[in-house]
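Engineer: The structure that follows is given in the form of structure tokens.
Read the figures in this text as sums done on the coordinates, not as results from a lab. Quick caveat: nothing in here was measured; it's all calculated off a predicted structure. Every residue, glycine among them, receives a Cβ derived from its backbone with ideal geometry; neighbour counts consider all protein chains shown.
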Amino acid sequence: MSDDLNVITKDRISKIRFLTSAEQGASQYLEAASLALTVLHDTVGGSHPLYSVLDNSLKKNDYGVALAASRGVATLFEQGSLKSPRLTIAHEIEGDLLDIANTQAQAAEMTKDLNHKQLHLAIAAFLTGASLEDALRRLCDANGIAYDVGKTTISKLQTVLYQPAKHIEIISASDNKQITTWGDSRNKADHGRFAEITQTEVVTMLMGVRAFIDRYLH
């Protein structure tokens, strides 16, 4: 979950707690159910068991069920249980890919052969870029952001994830800027410009992409 979304969700949970307190009534309980639906939608998706319970409670104006289910959503969030399984699995996959990239970066640092060093760095940059691209694609999928499936690139994916003019900011402005830099490093590897790739550049990219994935894919 992105930092911005996490803040928004926490605010919603606080509101749900207020709306489901003992001194509130039926209309507040139904309002809480509406908020709880948005929390589930933005975290684990509509397949969660409580999603249909909340949806039905709103359709039937069943404030008793709405109250219980809304409190359940708040509790699950506070326990850290509302995490997308798809993004959690993706986090593990990208982590494995980054581990391989890190091995290549370490090999580049150890070798004294310039050609081997450049090749190791290029492989590391390519794999790190591939991990980033896949992470961006999964973020689009998780947030319902449309993109051209047949022509995905880092730059195209970051463009649809960060559209402040359209009030779409799945990634932050600073992350968007950093992704551009990482994309440039990936392009050097893709287009055979191995001599332009430095050890510092690759290590910084590796650390940055890993931190980005840790923040967003969970």
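Engineer: Using only helices, what value at 222 nm comes out for the chain when you add -39,500 (n - 2.57) per DSSP H run of length 4 or more and divide by the total residues, to the nearest 500 deg cm²/dmol? Show your work: numbers first, answer last.
Structural biologist: Numbers: 9 runs with 161 residues, N = 218.
Only helices count here, giving -25000 deg cm²/dmol.
Engineer: Using only the Cα atoms of the range 64-155, construct the convex hull and provide its projected area averaged over every direction, in square nanometres to one decimal.
Structural biologist: Approximately 8.9 nm², given one-decimal rounding.
Engineer: Over the Cα atoms of the chain, Rg to Rh with Kirkwood Rh, two decimal places? It would help to have the intermediate numbers written out before the result.
Structural biologist: Working: Rg = 21.6 Å, Rh = 19.2 Å.
Rg divided by Rh gives 1.12.
Engineer: Here's a follow-up. Report the local net charge at SER34: Lys and Arg +1, Asp and Glu -1, summed over other residues whose C-beta lies under 11 Å from its C-beta.
Structural biologist: On the way: positive: ARG12, LYS15; negative: GLU31, ASP55.
With Lys, Arg at +1 and Asp, Glu at -1, the net is 0.
Engineer: Percent relative contact order of the range 98-218, based on C-alpha pairs within less than 8 angstrom and at least six residues apart?
Structural biologist: Details: 127 pairs, mean separation 39.7, N = 121.
Relative contact order of the range 98-218: 33 percent.
Engineer: Would you list the P(r) distribution for the range 8-126, with all Cα-Cα distances sorted into 10 Å bins from 0 and each bin expressed as a whole %?
Structural biologist: Pair shares across the bins are 14, 31, 16, 11, 12, 10, 5, 1.
Engineer: Run the reach check for LYS15 against lysines, Cα to Cα strictly under 28 Å, same-chain hits fewer than 8 apart removed. What comes back?
Structural biologist: LYS59, LYS60, LYS83, LYS166
Engineer: Report the percentage of all Cα-Cα pairs in the range 109-217 whose separation exceeds 18 Å, rounded to a whole percent. Can you show the working numbers first?
Structural biologist: On the way: 2858 of 5886 pairs.
Across the range 109-217, Cα pairs with separations above 18 Å total 49 percent.
Engineer: Per residue, what volume in Å³ does the Cα convex hull of the range 3-78 take up? Let's see the in-between values first.
Structural biologist: Values: hull volume 5.3 nm³, N = 76.
In the range 3-78, the Cα hull volume divided by residue count equals 69 Å³.
Engineer: What are the lysines whose alpha-carbon lies under 26 Å from the alpha-carbon of LYS188, with same-chain residues fewer than 8 places away excluded?
Structural biologist: Excluding near neighbours in sequence, the set is LYS112, LYS117, LYS151, LYS156, LYS177.
Engineer: Please compute the net charge surrounding ASP96, taking Lys and Arg as +1 and Asp and Glu as -1 over other residues with Cβ under 12 Å from its Cβ.
Structural biologist: Values: positive: ARG210; negative: GLU92, GLU94, ASP99, ASP134.
For residues surrounding ASP96, the net value is -3.
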